[in-house]
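The values are calculated or read from the model by the stated rules, or taken from the named source; none is laboratory data. Just so we're clear, the structure is a prediction, and the values are computed from it rather than from any experiment. Cβ sites come from the backbone with ideal geometry, for glycine too, and all protein chains shown count toward neighbours.
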Amino acid sequence: MQGWIIYNGALRIKKNEVLVKKLAEEGLKKGIRLQLIKNNTLIPMYDAFGKATLESTALLETPDFIIFWDKDIALARHLEIMGFKLFNRSKAIATCDNKILMHQKLAQSGIRLPKTIVNPFVFRHQDVTMAYIQKVRHLLGDTIVLKEAHGSFGMQVSLVHSEKELLDRFAEMENRPFIMQEYIESSYGRDLRVNIIGDKVVGAMTRKNEDDFRANITLGGRGSITEITDTQKYMALKAHKILGLDFSGVDILYDKNDQPILCEVNSNVNYLSFEGISGFNFSAYLLDYIVSKLDCL
């Protein structure tokens, strides 16, 4: 059996390449040959009759499946049109990669989420009145979490503490879509990452960051393996299934009574830190899951 692992060729984050190489190594142990392919080495195109084709700068072997470890949604959809089986699928990746769409999808299910405002669509730059700013702060509180619709590793998430700061942030955002959420102060620098494959929670870790409200490991957070409650497990699995994911990392916040509030769901979950502290082989389990799904086809 052979497959592809498609990942971002322009992302200068070492952990990303370490992860896909580990997946390929685990594949060899199981007799699965996995070819590592950067998304920017592929040339999706349509011929004169509208047939979807694929060219590449490298020699490719036709895969039995594709592990799509990227957010190049157009490429993912193109490969599905060609008939390839993707894990995760393009629709699930697209929803997870857009925090607006993700929030709208999950909110319809009754999952508990932070109070959220979707900013108005603009063509060139944000242009809001002070009345709008004041209304937002009245609805969400004095401290607001601002999240760009597209972003990874917590990089496009920030806290806003005043009217002036919020106005300044609006100007900085220009035409980029974003959401504003209530600040869950009780979860400052602390969240729960729940790792899921198929319909099973394979493990969870508490992430803590003493120096930042964001608990991301990439931003200095530290993880520790933890047992999750039935309520947390139910919330994580429900979100995972609603979004149609094969594998994911679900991030959960804590209210002042330590009850769960769903933060977000990650389709391109980086599980290396979880593997390192738990000893659980996420890569091997994921490949077993994929083989089992292919056997069902």
- Exactly one of E227, E275, E264 is out of contact with any helix residue (DSSP H, G or I) (no Cβ under 8 Å at 6 or more places or on another chain) and either among the charged types (D, E, K, R) or touching a residue at least 40 places away in the same chain (Cβ under 8 Å) (or both), and that residue is E227
- Looking at H78, H103, which one is free of Cβ contacts under 8 Å to residues at least 40 places away in the same chain and either in a loop (DSSP other than H, G, I, E, B) or not assigned by TED's automatic domain parsing to the domain that holds A149 (or both)? H78
- Item | Yes/no for R207 being part of a strand (DSSP E or B), over 22 Å from A94 (Cβ atoms) and either at pLDDT below 95 or within 19 Å of the chain's Cα centre (by Cα) (or both) | yes
- Message: Taking the criterion of being surrounded by fewer than 22 Cβ atoms within 10 Å (Cβ to Cβ), under 16 Å from the mean Cα position of the chain (by Cα), of a type in the set (V, I, T) and at pLDDT 95 or above, would at least one residue in the range 214-226 satisfy it?
- Response: no
- Single residue of the range 163-187 satisfying the filter (among the basic types (K, R) and either over 15 Å from L140 (Cβ atoms) or not assigned by TED's automatic domain parsing to the domain that holds L139 (or both)) that is modelled with the lowest pLDDT: R176
- Does the range 9-37 hold any residues that are outside any helix (DSSP H, G or I), surrounded by fewer than 19 Cβ atoms within 10 Å (Cβ to Cβ) and either of a type in the set (S, T, N, Q) or at pLDDT 95 or above (or both), and which are they? K30, G31, I32, R33, Q35, L36
- Task: Go through (1) assigned to a loop (DSSP other than H, G, I, E, B); (2) among the β-branched types (V, I, T); (3) surrounded by 15 or more Cβ atoms within 10 Å (Cβ to Cβ) one by one and return the number of the condition I67 breaks.
- Result: (1)
- Item | Filtered residues of the range 150-176 (kept if over 21 Å from G189 (Cα atoms) and of a type in the set (G, A, S)) | A171
- Item | Filter pass, P120 being at pLDDT 95 or above and either assigned to a loop (DSSP other than H, G, I, E, B) or under 29 Å from I242 (Cβ atoms) (or both) | no
- Message: Quick test of your reading of the structure: V160 fulfils all but one of (1) in the same structural domain as V128 (by TED's automatic domain parsing); (2) surrounded by 19 or more Cβ atoms within 10 Å (Cβ to Cβ); (3) in contact (Cβ under 8 Å) with a residue 24 or more places away in the chain. Name the failing condition by number.
- Response: (3)
- Query: What are the residues in the range 70-98 that are buried (at least 21 other Cβ atoms within 10 Å of the Cβ) and among the small types (G, A, S), if any?
  - Reply: A76, A92
- Task: Please enumerate the residues belonging to the range 114-139 that are free of Cβ contacts under 8 Å to residues at least 40 places away in the same chain and among the aliphatic types (A, V, I, L, M).
- Result: M130, A131, I133, L139
- Note on the structure: Within the range 236-265, the residues that are surrounded by fewer than 21 Cβ atoms within 10 Å (Cβ to Cβ) and of a type in the set (S, T, Y) are Y254
- Can we say S186 is in a strand (DSSP E or B) and surrounded by fewer than 16 Cβ atoms within 10 Å (Cβ to Cβ)? no
